[in-house]
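Worksheet for the structure shown next.
The values are calculated or read from the model by the stated rules, or taken from the named source; none is laboratory data. Just so you know, these numbers come straight off a predicted model, no measurement behind them. FYI the Cβ positions are ideal-geometry reconstructions off the backbone, even for glycines, and counts take in every protein chain you see.
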Amino acid sequence: MNYPKTPKMVAHTPRKRFGQNFLHDTHVIQQIVDAIGLNKNDNLLEIGPGLGALTEPMLAQVLTMTAVELDRDLASRLKLHIGANSHNRLTVINDNALAVDFALLADKIGQGAFRVVGNLPYNISTPILFHLLNYSHVIADMHFMLQKEVVQRITADVGTKAYGRLSVIVQYYCRSDYLLTVPPSAFNPPPKVTSAVFRLEPYTTKPLIADDEAWLALVVRECFNHRRKTLRAIFKTNALLPTLNDKDFEQINIDPTARPETLSVAQFVALSNGSQYKLPKSS
């Protein structure tokens with residue numbers, strides 16, 4: 001397939017407040033599009049399309065797609081230069097992705113679960129990711145480019161230095177795969193960090209079930225906020241968590257002297273479910 005020439009930077013200066021770094025390396029663009037593996041009937045959703053570096057080659061492979069762009073100037077530019085040239089096959093929504101109800105949007109479009117793609121602003125990538133996980137029931141998969149360090153944390157194995165809160169929560173909802181590394185030179189302006197592309201596939205049926213997913217998120221957060229402490233110490237001194245004695249840990253089948261980075265996702269779910277019932281009952 002012939003991919004478009006390097007996206008031009010005409011009439012738009014990257015805005016620091018939006019965390020804008022525009023992808024322009026055509027070889028990297030081709031690698032990303034190939035890794036996504038699009039089919040013409042996919043319900044494709046792009047978040048943060050920018051100058052359309054990925055938009056145009058992806059739109060060439062699908063019947064229709066939707067793009068969510070916060071920057072008003074870029075949204076107008078996409079509508080004019082790409083949407084108009086594609087016979088309205090591209091729908092551009094000028095809005096903050098954090099404010100979009102993706103379940104409502106999927107229902108409105110009526111083409112099944114989204115395949116989501118995005119070169120996310122690095123300064124708000126984690127909030128957007130957690131927002132999308134709330135809509136995992138209407139998402140088939142997600143392909144994102146983030147700073148390499150964050151991608152390594154998302155895809156990290158238990159017991160590694162990168163393993164943490166982000167690893168546990170994302171892997172509870174999704175399968176995760178590290179796909180490729182992208183150098184700073186692939187962007188304009190070049191970011192100060194190396195980037196990476198990864199894939200998330202939300203589970204149709206979760207292999208692990210937390211009784212209360214909000215409580216699971218709190219337990220994981222508080223544990224990794226004190227990752228150097230043992231679980232016994234964390235649950236003894238943290239005001240947001242119930243006190244667990246050694247018998248409680250034994251019933252959950254978790255070592256109280258273990259530290260958070262040694263617990264698998266399954267063990268965190270067990271810890272969440274077991275500790276929840278130690279909370280004081282409201283009157």
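One residue stands out in region 227-236 among those that are among the charged types (D, E, K, R) and in a helix (DSSP H, G or I): the one that is nearest to residue 260 (Cα to Cα), namely 232.
Looking at region 203-214, which of the residues that are outside any helix (DSSP H, G or I) and among the aliphatic types (A, V, I, L, M) is surrounded by the most Cβ atoms within 10 Å (Cβ to Cβ)?
Step one: filter region 203-214 for residues outside any helix (DSSP H, G or I), giving 203-212.
Retained after the next criterion (residues that are among the aliphatic types (A, V, I, L, M)): 208-210.
Details: 208: 18, 209: 11, 210: 20.
The extreme case among them is 210.
Conditions (1) among the acidic types (Asp, Glu); (2) under 31 Å from the mean Cα position of the chain (by Cα), marked per residue:
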position: 230; (1), (2): no, yes
position: 235; (1), (2): no, yes
position: 241; (1), (2): no, yes
position: 248; (1), (2): yes, no
position: 254; (1), (2): no, yes
position: 257; (1), (2): no, no
position: 263; (1), (2): no, yes
position: 266; (1), (2): no, yes
position: 272; (1), (2): no, yes
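Selection of first residues in region 56-82 that are more than 16 Å from residue 23 (Cβ to Cβ) and of second residues that are part of a helix (DSSP H, G or I), restricted to Cβ pairs under 7 Å at least 6 apart or on distinct chains, gives the following pairs, ordered by first then second residue: 65/58; 65/59; 66/109; 68/97; 70/18. Kindly check whether there is at least one residue in region 33-50 that is polar (S, T, N, Q), surrounded by fewer than 23 Cβ atoms within 10 Å (Cβ to Cβ), at pLDDT 95 or above and part of a strand (DSSP E or B). Yes - at least one qualifying residue is present in region 33-50. Taking the conditions exactly as written (crowded, with 16+ Cβ neighbours inside 10 Å and within 30 Å of residue 25 (Cβ to Cβ)), does residue 185 satisfy them or not? No.
Could you check, for region 215-226, whether at least one of its residues is charged (D, E, K, R) and part of a loop (DSSP other than H, G, I, E, B)? Checked against the condition, which is being charged (D, E, K, R) and part of a loop (DSSP other than H, G, I, E, B), region 215-226 yields no hits at all.
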